[in-house]
Amino acid sequence: MEMVEPSSHRVDIEQGILDGASGRYIKKLKDLSGLYADQEAYDSALRSNAESVVYEVTDQRPVAHSGDLIFGVTCMQPGKIGDEFYMTRGHIHARSNRPETYYGENGTGLMLLESPAGEIRIVEISPRIMCYVPPLWIHRSINVGDKPLVMSFCYPSDAGQDYEVIQRSGGMRSRIVSNDKGGWKEVDNKSYKPRGDSDIAAILATADTHS
Ligand code: NI
């Protein structure tokens, strides 16, 4: 087995990046079509802010094979489309039973989780809060604060990401919107189509279990 050099990486909570990361990607507003309920508000935001960065991920991927870990930092700007807060595209792991941890570094946000059967869980994240995303949960993070939401994360290197699972169901079952007290509330996503038995079986079939 190949030996890899140990390393340490500073989490820069001001810039929202992992120092010395080997990978980086950004999502701009124009990359996030179809995520938000209010299409008119999205189109209007695109006209003035299409190139603005909504979130950035810097990560370190030591080795690609199973058994290793990928870790990094995600930074999401504050903002809303209509009354709906900025969010990540969201995914389930391509190997659906792979878990993940998120740790709050700066700002305030939520992890919105949905089981294949459509149950919703919401976990609040702020500095020094560790969030566990168990196997089989679809997950998306949402910035409900007024400054950048910075989190560090870690997941198995063979997890992969399946983004289409959310598109196929018309989005996640709940949306997170502003309430009239400056906070957030959960509302139903009117476009949501519950998964049938065969859709759920397809998700479970990607679980890769060895004992
Ligand atoms: Ni994930």
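Taken together, the values in this text are just the output of simple stated rules run on the coordinates, not laboratory data. Note that the coordinates shown come from a computational prediction; the quantities given were computed from them, not determined experimentally. For neighbour counting, all protein chains shown are included, and Cβ atoms are generated from backbone atoms with ideal geometry for every residue, glycine included.
The slack between residue 21 and residue 207, meaning 0.36 nm per residue of separation minus the straight C-alpha distance, is 64.1 nm. Dividing the mean sequence gap of close Cα pairs (under 8 Å, 6+ apart) by how many residues region 11-204 holds gives a relative contact order of 22 percent. Spin-label model, residue 130/residue 94: points 7 Å from Cα along the beta carbon direction are separated by 2.8 nm. Among 146-155, 48-57, sorting by the average number of other beta carbon atoms lying within 10 angstrom of each residue, highest first, gives 146-155, 48-57. Taking the fewest neighbouring Cβ atoms within 10 Å as the starting point, the ordered list for 126, 157, 198, 141 is 198, 126, 157, 141. Which aspartates and glutamates, if any, have their Cα less than 19 Å from the Cα of residue 193, not counting same-chain residues under 8 positions apart? Answer for residue 193, where 19 Å is the Cα cut-off: 38, 114, 119, 162, 164, listed by chain and number. Between 116, 62, 99, the Gaussian network model of the chain with springs among Cα atoms under 10 angstrom shows the greatest mean-square fluctuation at 62.
For the chain, with the dipole built from +1 on Lys and Arg beta-carbon atoms and -1 on Asp and Glu ones, taken about the Cα centre, which of 85, 1, 73 lies farthest toward the positive end? Final value for the positive-end residue is 85. Sorted ascending by nearby beta carbons within 10 Å, beginning with the fewest, 209, 58, 108 become 209, 108, 58.
Legend: distances between Cα atoms for 27/80; 80/190; 30/181; 147/181; pairs beyond 26 Å are 30/181. Of all aspartates and glutamates in the structure, the ones whose alpha carbon falls short of 16 Å from that of residue 28, not counting any fewer than 8 places away in one chain, are 43, 51, 56. Taking every DSSP helix (H) stretch of at least 4 residues in the chain, weighting each as -39,500 (n - 2.57) and dividing the sum by the residue count yields a mean residue ellipticity at 222 nm of -3000 deg cm²/dmol. Can you work out the PRE-style zone for residue 117? Point 7 Å along Cα to Cβ, and I want the residues of region 161-177 with backbone N under 17 Å. Inside the label zone: 173.
If you average the C-alpha positions of region 114-174 and of region 36-104 separately, how far apart do those two centres end up, in angstrom? Taking the Cα centre of region 36-104 as reference, the centre of region 114-174 is 9 Å away.
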